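First the structure, in the form of structure tokens, and then the observations on it.
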């Protein structure tokens, strides 16, 4: 496990009174399908469900925040070079549902990205608001990596959460206070 927490005070603008927190948790796992093609990979998706729950709880603890303080999220995967991109896609359901469940039923789809890489590969994980994907103030990304991972036979699964919008957001659009929350979009 590798965890990273950032506090953002400003980005060329005036310092904010309450810094914006964002964090990432990465789990490095052995890829059981490395080096071979496996037609039925779905059982692994089910096996990853408790990993997603554990990672979500670890990230909240590392950020030292309650679930109600989370406003943005995203997920991603880096597949070692002996694997295929589909092994990263296995993280869509376990990673997304875990965060939505632990955060109390967030409505928006959890944005994601994935790639095949070598040790030290960096991944820009997209972030959107937890209840409405169209809230522009929360469109963001967090760069993550795990030193030395993934090796060829490993997977890195990633969860990212934030406690607010970008620190100096001002591009208009739907405001968080205007969310209707019916469809996860607006």
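The values are calculated or read from the model by the stated rules, or taken from the named source; none is laboratory data. The structure presented is a predicted model; accordingly, all values stated were derived computationally and were not measured. Every residue, glycine as well, gets a Cβ built from its backbone with ideal geometry; the counts of neighbours run over all protein chains shown.
Annotations for the structure displayed:
- Residues satisfying the stated conditions in region 4-17, i.e. within 23 Å of the chain's Cα centre (by Cα) and without any contact (Cβ under 8 Å) to a residue 60 or more places away in the chain: 5, 7
- Which listed residue, of 76, 88, 181, is out of contact with any helix residue (DSSP H, G or I) (no Cβ under 7 Å at 6 or more places or on another chain) and at pLDDT below 95: 181
- Each residue in region 163-180 was checked for being in a loop (DSSP other than H, G, I, E, B), on the phi < 0 side of the Ramachandran plot and surrounded by 11 or more Cβ atoms within 10 Å (Cβ to Cβ), and 10 pass.
- In the set 80, 88, 74, 117, only one residue is within 12 Å of the chain's Cα centre (by Cα), within 25 Å of residue 30 (Cα to Cα) and surrounded by 17 or more Cβ atoms within 10 Å (Cβ to Cβ); that residue is 74.
- Subset of region 59-94 [assigned to a loop (DSSP other than H, G, I, E, B), more than 27 Å from residue 167 (Cβ to Cβ) and in contact (Cβ under 8 Å) with a residue 60 or more places away in the chain]: 81, 82, 83, 91
- Verdict on residue 50 being closer than 13 Å to residue 99 by Cα and surrounded by fewer than 16 Cβ atoms within 10 Å (Cβ to Cβ): yes
- Region 148-172, residues that are without any contact (Cβ under 8 Å) to a residue 60 or more places away in the chain and under 26 Å from residue 26 (Cα atoms): 148
- The single condition among (1) assigned to a loop (DSSP other than H, G, I, E, B); (2) touching a strand residue (DSSP E or B) at 6+ places or on another chain (Cβ under 6 Å) that residue 142 does not meet is (1).
- Of the residues screened, residue 100 is not one that is touching a residue at least 40 places away in the same chain (Cβ under 8 Å) and either assigned to a helix (DSSP H, G or I) or more than 30 Å from residue 169 (Cβ to Cβ) (or both).
- Qualifying residue in region 129-147 (condition: closer than 16 Å to residue 165 by Cα, touching a residue at least 60 places away in the same chain (Cβ under 8 Å) and surrounded by fewer than 18 Cβ atoms within 10 Å (Cβ to Cβ)): yes
- Within region 122-136, the set of residues being in a loop (DSSP other than H, G, I, E, B) and touching a strand residue (DSSP E or B) at 6+ places or on another chain (Cβ under 6 Å) comprises 122, 130, 135.
- Pairs, first without any contact (Cβ under 8 Å) to a residue 60 or more places away in the chain in region 173-186, second part of a helix (DSSP H, G or I) and buried (at least 16 other Cβ atoms within 10 Å of the Cβ), C-beta under 8 Å, six or more apart: 173/136; 173/137; 174/136; 175/137
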